[in-house]
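J.: Below you will find the structure I want to go over with you.
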Amino acid sequence: MNTLLVVEDEKLIRQGIVAMIRRSSVPVKEILECRNGEEALEILRKQRVDVMFTDIRMPKMDGLTLVNKMEELSQKPVVIVLSGYDEFSYAVEMMKHGVRDYILKPIKRETIEQLLENLERELSETRETEEEEERCFLNQLRYLMMNAEMAEEKEWMDMESRIRRHIGNDSFRILLTSKANGERFSKCSGILLEGVEGGVLYLLPEPEAERIMKEKDERFCLGVGKEHRSVMEIPEAYQEALLAREMAFIQKNPVEEYQKNKNGALLIITHSTRILEALHVDATHILADGKMVASGDSSLVDEINTNGFEKYIQQ
């Protein structure tokens, strides 16, 4: 079990419950404590909690109100109610709102032990199911992204809620690295796909992408697509990041950002001062075979969009 939250306004009772949980045979990585429903709701909005033990009568926000407000959360913990005999009717009412079980006060160590063992088994089964669902989701996302011409709008719409769960509801970018850099991206909120064109793809919220772009690492080539808002633009963002990474590889720059000018011609904005100076010309330029050429050559643009710079990536 990863995280367990104890919500109880009486300090001694709260500390006693925490002590019994720590002494149980079920390992819990993190035990959180708070005094009322308001504090609990704030915690639940910020991080994922596996199990929550909550009292019913508390100041500011009671347990019943807390459970009702939890309905708006995307990820809800398993809830166990701590109930006195005179509060039993409230506990029954809370069971109607998704509460898993209740414990009558005074709380016994054996009761906590048995309950935690049962919950750990169920959570383990749930994690396995969620992990399999996540693998299927990532495989489907990879397929739709890399086979855009075969994907239908409905398929993207069916995926949108799950994608947004990872990246939020605002704009996003796709970043494509030349190889895995787990340390650099480990704390990013977004989607990671390994083994994409010999590297790792990151689908990140715009603020996360901007932060990573500023953290140059000479050991890696990072291609960055434009800012997008619609999930149906993910294949386009992927192609942009792929082209930008190939340019970064050729020029040996740590970061390359893809853009388009007003006429729709391809343009690479690099974080290298040397190439920025080279781009200060009247015509938009693009690199092919390691040389600067006018992007107005439509046949060249078609060739790049079709074939990319795979021969450089293979080296």
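J.: Note down all Cβ pairs under 8 Å where the first residue falls in the stretch 29-44 and is farther than 11 Å from Lys60 by Cβ, the second is of a type in the set (Lys, Arg), and they're at least six residues apart or on different chains.
T.: Filtered contacts from the stretch 29-44: Ile31/Arg22; Glu33/Arg14; Leu44/Lys76.
J.: Report, by residue number, each residue of the stretch 131-161 that is surrounded by 11 or more Cβ atoms within 10 Å (Cβ to Cβ), under 19 Å from the mean Cα position of the chain (by Cα) and more than 22 Å from Val200 (Cβ to Cβ).
T.: Trp156, Met157, Asp158, Glu160
J.: Continuing with the same structure: Can you report the number of residues in the stretch 168-193 which are over 15 Å from Lys226 (Cβ atoms) and modelled with pLDDT of 85 or more?
T.: Residues meeting the conditions: 7.
J.: Modelled with pLDDT of 90 or more and under 31 Å from the mean Cα position of the chain (by Cα): which single residue out of Glu113, Glu42 fits that description? It would help to see each step written out before you state the result.
T.: Details: Glu113 fails: under 31 Å from the mean Cα position of the chain (by Cα).
Criteria check complete, one pass: Glu42.
J.: Tell me, which residue of the stretch 224-248 that is under 17 Å from Glu208 (Cα atoms) and among the basic types (Lys, Arg) is farthest from the chain's Cα centre (by Cα)?
T.: Lys226
J.: Is the stretch 105-128 home to any residue that is part of a strand (DSSP E or B) and crowded, with 17+ Cβ neighbours inside 10 Å?
T.: Taking the stretch 105-128 and keeping what is part of a strand (DSSP E or B), we get none.
The answer is no, given that none of the residues of the stretch 105-128 is part of a strand (DSSP E or B) and crowded, with 17+ Cβ neighbours inside 10 Å.
J.: Restricting attention to the stretch 136-145, does a residue exist that is of a type in the set (A, V, I, L, M), touching a strand residue (DSSP E or B) at 6+ places or on another chain (Cβ under 8 Å) and not in a helix (DSSP H, G or I)?
T.: Checking the stretch 136-145: not a single residue is of a type in the set (A, V, I, L, M), touching a strand residue (DSSP E or B) at 6+ places or on another chain (Cβ under 8 Å) and not in a helix (DSSP H, G or I).
J.: Specify the residue that is surrounded by the fewest Cβ atoms within 10 Å (Cβ to Cβ); the eligible residues are those in the stretch 198-245 that are of a type in the set (Gly, Ala, Ser) and under 19 Å from Asp170 (Cβ atoms).
T.: Within the stretch 198-245, the match that is surrounded by the fewest Cβ atoms within 10 Å (Cβ to Cβ) is Ser230.
The values are calculated or read from the model by the stated rules, or taken from the named source; none is laboratory data. Here the structure is a predicted model, which means the values were calculated and not measured. No Cβ is skipped: glycine too gets one built from the backbone with ideal geometry, and neighbour counts run over all protein chains shown.
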